[in-house]
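*Asks:* Handing you a structure now.
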Amino acid sequence: MPDMSYLDSKYFIDEYVFNCPFCNRRNVAYTVRHLDMFDWTEDKKCYIYLAECQSCDKVSMHLTFENIQTNPISGYHRHFIIGENLDEKFFYSVPTSFFSLDKRIPRVLRELMTEAEGCLKSNFLTGASVCARKLVYELAILEGAEGTDYESRLKSLKGKRPDVEPEYFDTLLTIQQVTSDKVHELSYDGWHSRHLRVILATLTEIFNTMYVIPKLRAEKRQSIIKLKEEVLSQKKPQK
């Protein structure tokens, strides 16, 4: 069978199902519950679509410059008429992705990642770059890493967290080295969008390795221990 895992990184799979950024369910039904329009400029319209997850009832917002036609279902619920390449038609979504990070990741990192992705979506590259660098700074504080600049903090984190693939830290260092010849931290101009996408994706994997996977393993271990105790506590049937 063909590899369809790329669908997990999309918002809209087709006109009927999407990947919900709130309940993190994949391939779940959704409807368009509201659409509106406003003037982006004097001669340019922007269209707003609100998508409601049929599992958790949470609503996400999506902006586009294209008037995407919908079909009414019942009440205020509608479906998009087209089903292919819906993601490509929207230039901004809230949440910015599901990329909404797992709640096991510290809040300060989740909020900065959300801000960085929002800036990147709007092509505010300076803001996104600042958030990306601050993500490394806050991660260094949380992990007790040392260093006064981006590179030294990453090298310290790499030494302190052998559980994280070293290639992730190397990737972040490489991006820094090939995009800037500035000497001082405060003189750094920022990254291009292609560099920021790599940085944010890499940081997400680092966060998952550090904070999500260990807790998932601990939760699974506790559930197995509890199940074992329940089984052993049952009395053997009388002969």
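Derivation of every value follows stated rules applied to the coordinates shown; laboratory data play no part. Given the structure is predicted, the values throughout are model-derived calculations rather than measurements. In this analysis, Cβ positions are derived from the backbone assuming ideal geometry, glycine residues included, and neighbour counts consider all displayed protein chains.
*Asks:* For region 190-233 and region 46-86, compute the distance between their C-alpha centroids and round to whole Å.
*Replies:* 31 Å
*Asks:* In debye, nearest 20, what is the charge dipole magnitude of region 5-94 about its Cα centre with +1 on Lys and Arg Cβ and -1 on Asp and Glu Cβ, if you could check? Mind dumping the intermediate values first?
*Replies:* On the way: 9 positive and 13 negative charges, 65 e Å.
Roughly 320 debye, rounded to the nearest 20.
*Asks:* Percent relative contact order of region 5-94, based on C-alpha pairs within less than 8 angstrom and at least six residues apart? Could the numbers behind the result be given before it?
*Replies:* Working: 178 pairs, mean separation 24.6, N = 90.
Computed over region 5-94, the figure is 27 percent.
*Asks:* Extension gain residue 123-residue 165, at 0.36 nm per residue separation less the Cα-Cα distance, in nm? Could you put the intermediate results ahead of the total?
*Replies:* Numbers: separation 42, 0.36 × 42 = 15.12 nm, distance 2.96 nm.
This chain segment gains 12.2 nm when fully extended.
*Asks:* Suppose R0 equals 25 Å. What FRET efficiency, 1/(1 + (r/R0)^6) with r the Cβ-Cβ distance, do residue 91 and residue 16 give to the nearest 0.05? Before the final figure, lay out each step's value.
*Replies:* Details: r = 23 Å, r/R0 = 0.91.
Plugging the Cβ-Cβ distance into 1/(1 + (r/R0)^6) gives 0.65.
*Asks:* Right, something else. Which of the peptides 102-115, 215-228 is most tightly packed, and how do the rest follow, judged by the mean count of other Cβ atoms within 10 Å per residue?
*Replies:* Numbers: 102-115: 16.4, 215-228: 10.5.
The densest-packed peptide leads the list: 102-115, 215-228.
*Asks:* Then there is this: On a full-extension model of 0.36 nm per residue, what is the gain between residue 45 and residue 217, subtracting their alpha-carbon distance, rounded to one decimal in nm? Write down the numbers at each step before the final one.
*Replies:* Numbers: separation 172, 0.36 × 172 = 61.92 nm, distance 4.85 nm.
Taking 0.36 nm per residue and subtracting the Cα distance, the gain is 57.1 nm.
*Asks:* Oh, and also: Compute the Kirkwood hydrodynamic radius of region 5-94, taking the inverse of the mean of 1/r over all pairs of distinct Cα atoms, and give it in Å to one decimal.
*Replies:* Numbers: mean 1/r = 0.0753 Å⁻¹.
Computed over Cα pairs of region 5-94, the Kirkwood hydrodynamic radius comes out at 13.3 Å.
*Asks:* With label points built 7 Å along Cα→Cβ from the Cα atoms of residue 110 and residue 224, find their separation and express it in nm.
*Replies:* Each label point lies 7 Å from its Cα, and together they span 2.7 nm.
*Asks:* Oh, and also: For the chain, with only Lys/Arg (+1) and Asp/Glu (-1) charged at the beta-carbon, what is the dipole magnitude about the Cα centre, in debye rounded to 20? Don't skip to the end; give the middle numbers.
*Replies:* Values: 33 positive and 34 negative charges, 315 e Å.
Computed charge dipole of the chain: roughly 1520 debye.
*Asks:* Now for a separate question. Does the chain come out rounded, prolate or oblate by the C-alpha gyration tensor, with a ≥ b ≥ c the root eigenvalues, rounded set by a/c under 1.5 and, if not, prolate when a/b is larger than b/c and oblate if not?
*Replies:* Details: a/c = 2.54, a/b = 1.04, b/c = 2.45.
It is oblate, given that a/c is not under 1.5 and a/b is not larger than b/c.
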